[in-house]
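Asks: Shown below is the structure under consideration.
The values are calculated or read from the model by the stated rules, or taken from the named source; none is laboratory data. No experiment lies behind these values; they were computed from the predicted model shown. Methodologically, a virtual Cβ is constructed for each residue, glycine included, from the backbone with ideal geometry; neighbour enumeration extends over all protein chains shown.
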Ligand SMILES: Cc1cc2nc3c(=O)[nH]c(=O)nc-3n(C[C@H](O)[C@H](O)[C@H](O)COP(=O)(O)OP(=O)(O)OC[C@H]3O[C@@H](n4cnc5c(N)ncnc54)[C@H](O)[C@@H]3O)c2cc1C
């Protein structure tokens, strides 16, 4: 969700796979351990107990929670696995923070332990007690500050020295901030990345009257939908011409903008922030735009993207184009025995033959599971991810219309929109006759299940038939039939 990136749908995509293969150092072209080494290594695990941790996960977020689950499934967690967290909480499903977490108090907001991983994918709720029961050592509020590759040790902010056997880096991203000199740190200015940020925002919303949201991406759209549920005067400001321009076509964006306006949200499009101003009490009071106008605000939320949290891990090899830590299709970094997963990993996106970083929860979950499986078993199949994005807004009790859309694939080529947003609408992206990407709002579960099949297969589709479809259902049937029926072009 990094705004500065050029790709329309939230992937940071860089170079062809061939360059990736070239830059892998010889020592990382094989598995981190040979099969026999790995067997010995695993058998000798008790030698790593306590002072010498066999497996260490740095970061206690979405990917870390799913990685822990996979260690447990392989019987390799008890007494062997340690997780080092910056936050005070066990891993949770982070997307909830700008959704149900921000509901007003009378609309049953989500709170921990309700959304610990892995409930987001229908799995077990892994509370702090679950980690204890599984014999996983959890270090809370003690971020890693240094890594010594030669000695295989980590240093934490409290001064602990942790020896590891294998290391998984899952430090995610940090929110991009406005500089202090333009008011980016004033009281009343918020960034939402973790529970502490969301709690701080809620305490502002409780007293707020005028809310300004900077950024028309996922965070901006989700926070705005929540702010109007608090019955607050809400304005979204962004420099582009429409909401979520990296995914939405202008036509699709217009539908959502109208829906937001019906819910009371105001828009200031094509607007750049000059600075944020404080009142006489030092608290934020207004936003000044480059065009000279001033918008009053007592609460400001900045949602302008995120950057990979790589500090302290530079030596394992960073990707200079998409940012983050370079890994191969098994999430191995250039250093044997060190892996990176989730938002922070720059990995080969096989389906499009590109290097990408994906800042979405589906990839966090799948990359974690794939990496741990490869680390613990003889599994050598490389990761083959299909980009998937979703959002859910206006889902609180009493909302006139709940919104839930999903997108699979790549938004390249010509976009064909079908449906009148009643509430269904679909957009199909077709490139050289092939269906490359598909977006669906308010589909049935069967319809949503069809989307990944379409985006993965990229069938040749009859564009004219699709354009003439009288309903979303008919368009999806046409697309589905193209999976079986090749179209002559
Ligand atoms: C508010 C919000 C809403 C979102 N909504 C959606 C959505 O609707 N759909 C979607 O697909 N995706 C969404 N995302 C993105 C999704 O949450 C991320 O892709 C996912 O959380 C990535 O998982 P991760 O484990 O890589 O990183 P994170 O979940 O961010 O976890 C990283 C963890 O590492 C910790 N950490 C950082 N540095 C250190 C260190 N040095 N030592 C120890 N710990 C460290 C961090 O504090 C954090 O707890 C949202 C993200 C946010 C912030």
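Asks: Does residue 220 count as in contact with a strand residue (DSSP E or B) (Cβ under 6 Å, 6 or more places away or on another chain), more than 19 Å from residue 85 (Cβ to Cβ) and in the same structural domain as residue 56 (by the TED database)?
Replies: Judged against the criteria, residue 220 is not a match.
Asks: Right, next: Looking at residue 238, is it buried (at least 24 other Cβ atoms within 10 Å of the Cβ), more than 19 Å from the chain's Cα centre (by Cα) and modelled with pLDDT of 95 or more? Steps first, answer last, please.
Replies: Working: buried (at least 24 other Cβ atoms within 10 Å of the Cβ): yes; more than 19 Å from the chain's Cα centre (by Cα): yes; modelled with pLDDT of 95 or more: yes.
In short, yes.
Asks: Go through segment 154-175 and report how many residues are within 14 Å of the ligand (Cβ to nearest atom), touching a strand residue (DSSP E or B) at 6+ places or on another chain (Cβ under 6 Å) and farther than 17 Å from residue 340 by Cβ.
Replies: Residues flagged as within 14 Å of the ligand (Cβ to nearest atom), touching a strand residue (DSSP E or B) at 6+ places or on another chain (Cβ under 6 Å) and farther than 17 Å from residue 340 by Cβ within segment 154-175 amount to 5.
Asks: Still on this structure: Does residue 304 fit the bill of being modelled with pLDDT of 95 or more, at negative phi, within 16 Å of the ligand (Cβ to nearest atom) and part of a loop (DSSP other than H, G, I, E, B)?
Replies: Details: modelled with pLDDT of 95 or more: yes; at negative phi: yes; within 16 Å of the ligand (Cβ to nearest atom): yes; part of a loop (DSSP other than H, G, I, E, B): yes.
Yes, satisfied.
Asks: Can you tell me which of 356, 364 is outside any helix (DSSP H, G or I) and at pLDDT 95 or above?
Replies: Exactly one residue qualifies, and that residue is 356.
Asks: Looking only at segment 307-335, how many residues end up being closer than 24 Å to residue 375 by Cα, outside any loop (DSSP other than H, G, I, E, B) and in contact with a strand residue (DSSP E or B) (Cβ under 8 Å, 6 or more places away or on another chain)?
Replies: Within segment 307-335, residues that are closer than 24 Å to residue 375 by Cα, outside any loop (DSSP other than H, G, I, E, B) and in contact with a strand residue (DSSP E or B) (Cβ under 8 Å, 6 or more places away or on another chain) number 7.
Asks: Then there is this: From the list 364, 368, 455, 356, pick out the single residue that is within 14 Å of the ligand (Cβ to nearest atom), in contact with a strand residue (DSSP E or B) (Cβ under 6 Å, 6 or more places away or on another chain) and over 29 Å from residue 262 (Cβ atoms).
Replies: 356
Okay, residues lined up against (1) within 26 Å of residue 217 (Cα to Cα); (2) away from the ligand (no atom under 16 Å from the Cβ):
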| site | (1), (2) |
| --- | --- |
| 383 | no, no |
| 428 | yes, yes |
| 436 | yes, yes |
| 447 | yes, yes |
| 467 | no, yes |
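Asks: Across segment 385-401, which residue is surrounded by the most Cβ atoms within 10 Å (Cβ to Cβ) among those that are within 14 Å of the ligand (Cβ to nearest atom) and assigned to a loop (DSSP other than H, G, I, E, B)?
Replies: That would be 387.
Asks: Output the number of the condition that residue 281 fails; it satisfies all remaining conditions of (1) in contact with a strand residue (DSSP E or B) (Cβ under 9 Å, 6 or more places away or on another chain); (2) surrounded by fewer than 20 Cβ atoms within 10 Å (Cβ to Cβ); (3) free of Cβ contacts under 8 Å to residues at least 60 places away in the same chain; (4) not assigned by the TED database to the domain that holds residue 93.
Replies: Tallying (1) in contact with a strand residue (DSSP E or B) (Cβ under 9 Å, 6 or more places away or on another chain); (2) surrounded by fewer than 20 Cβ atoms within 10 Å (Cβ to Cβ); (3) free of Cβ contacts under 8 Å to residues at least 60 places away in the same chain; (4) not assigned by the TED database to the domain that holds residue 93, residue 281 fails exactly one: (1).
Asks: Give segment 426-473 a look and list any residue that's out of contact with any helix residue (DSSP H, G or I) (no Cβ under 6 Å at 6 or more places or on another chain), touching a residue at least 24 places away in the same chain (Cβ under 8 Å) and part of a loop (DSSP other than H, G, I, E, B), or say none.
Replies: Result: 433, 442, 443, 458, 462, 471.
Asks: Shifting gears a bit: So, restricting to strands (runs of 3 or more DSSP E) that lie completely within segment 67-184, which ones have at least 2 residues that are surrounded by fewer than 15 Cβ atoms within 10 Å (Cβ to Cβ)?
Replies: 144-148
Asks: Moving on. If residue 226 satisfies every condition in (1) assigned to a loop (DSSP other than H, G, I, E, B); (2) surrounded by 17 or more Cβ atoms within 10 Å (Cβ to Cβ) but one, which is the exception?
Replies: Here residue 226 clears every test but (1).
Asks: Follow-up. Taking the residues in segment 51-68 that are over 17 Å from the mean Cα position of the chain (by Cα) and within 13 Å of the ligand (Cβ to nearest atom) as candidates, determine which candidate is farthest from residue 155 (Cα to Cα).
Replies: The extreme case among them is 68.
Asks: Something else now. Among (1) surrounded by fewer than 19 Cβ atoms within 10 Å (Cβ to Cβ); (2) over 22 Å from the mean Cα position of the chain (by Cα); (3) not in a loop (DSSP other than H, G, I, E, B), there is one condition residue 423 misses while meeting the rest; what is its number?
Replies: The number of the failed condition is (3).
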